[in-house]
Amino acid sequence: SRIDNTLLLPGEVFSLNDLVGERNAANGFAVGWTIDGGRLKKDYGGGVSQVATTTYHAAFQAGLEDVYHQPHSIYFDRYPVGQEATVSWGHFDMSFENDTPYGVLVDTTFSPSGKAPGTVTVRIWSTGHFRVETSVSDRSNVTSTETIYDTSPECEPQQGWEGFSITSYRKVWTPDGKLVKDEAYPWTYKPNPTVMCGPDPAERQPEPGG
């Protein structure tokens, strides 16, 4: 709702952090899943990156100038691989510039669901200007996950998955056919560890006389 109906005049910059504000209870945010040191934990504002990714992808497909974005450190298969964005208050933002000669309106809707969390949709409205082609490379440099055993009372079990490298590409043309952007965004996702709540079976000592 804080992003919805944001109007960007030519040359203006969209900043998710500026629009949304700090993610805390006083600012109206609930607790959700976040990434901390490669592991999932619950904190205020967890899930904001789903909105950041949806908004970034809409602007990316619209051909708007990428001011700053950073993909997640680990990959979540609900996001478009290599073309997604995370945010963190005080660390990194997701921002893009309206580099067209027309106004741009950012339109967001949320559709609740009785069984699932719901769906967020982001649309970029403007006079048609850019022609855009995007693609992603094959995955390379695949790295295996590791298993972590955690005996702390705060342990949250999680399923791990592999890390890999990938490159996202974008080409953007103006109406007269001039190629104005020919971009490559390489990124390496770290492997996500499997977390088991309890002691490592390999480290258990044999019982006396056993």
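Measuring nothing but protein heavy atoms, the accessible surface of the chain at 1.4 Å probe radius is 50 percent carbon and sulfur.
Here the chain carries DSSP beta bridges of which approximately 90% are antiparallel, counting only pairs with both residues inside. 3J(HN,Hα) couplings calculated from phi for region 91-108 with the Karplus curve 6.51 cos²θ - 1.76 cosθ + 1.60 (θ = phi - 60°) are, in sequence order, 10, 8, 10, 10, 9, 8, 10, 7, 9, 9, x, 10, x, 10, 10, 9, 10, 10 Hz; Gly and Pro show x. Values of log10 I(q)/I(0) for region 124-210 across q = 0.15 Å⁻¹ run -0.77, by the Debye formula with one identical scatterer at each alpha carbon and no solvent. For the chain, the relative contact order works out to 20 percent when only alpha carbon pairs closer than 8 Å and six or more residues apart are counted.
In a shell of Cβ-Cβ distance under 12 Å around W173, excluding W173 itself, what net charge do Lys and Arg (+1) and Asp and Glu (-1) give?
Numbers: positive: R131, R170, K171, K178, K181; negative: E133, D176, D182.
Net charge in that neighbourhood comes out at +2.
Normalised by the number of residues in region 159-206, the average gap of Cα pairs under 8 Å and 6 or more apart makes the relative contact order 43 percent. Pairs of lysine residues in the chain that meet both criteria, 8 or more places apart or on different chains and Cα atoms under 30 Å apart, total 7. The calculated FRET efficiency for V180 paired with E22, based on their beta-carbon distance and R0 = 30 Å, is about 0.25. Heavy-atom accessible surface of the chain, averaged per residue, reaches 58 Å², computed with a 1.4 Å probe.
To the nearest ten degrees, helix 48-62 and the longest principal axis of the Cα atoms of the chain are 40 degrees apart.
The values are calculated or read from the model by the stated rules, or taken from the named source; none is laboratory data. What you see is a predicted model; the values in this text were computed from it and never measured. Note that each Cβ is placed from the backbone with ideal geometry, even for glycine, and that neighbours are counted across all protein chains shown. We work out accessible area using only protein heavy atoms, side chains counted, and drop any ligands, DNA or RNA first. Shrake-Rupley method; radii C 1.70, N 1.55, O 1.52, S 1.80 Å.
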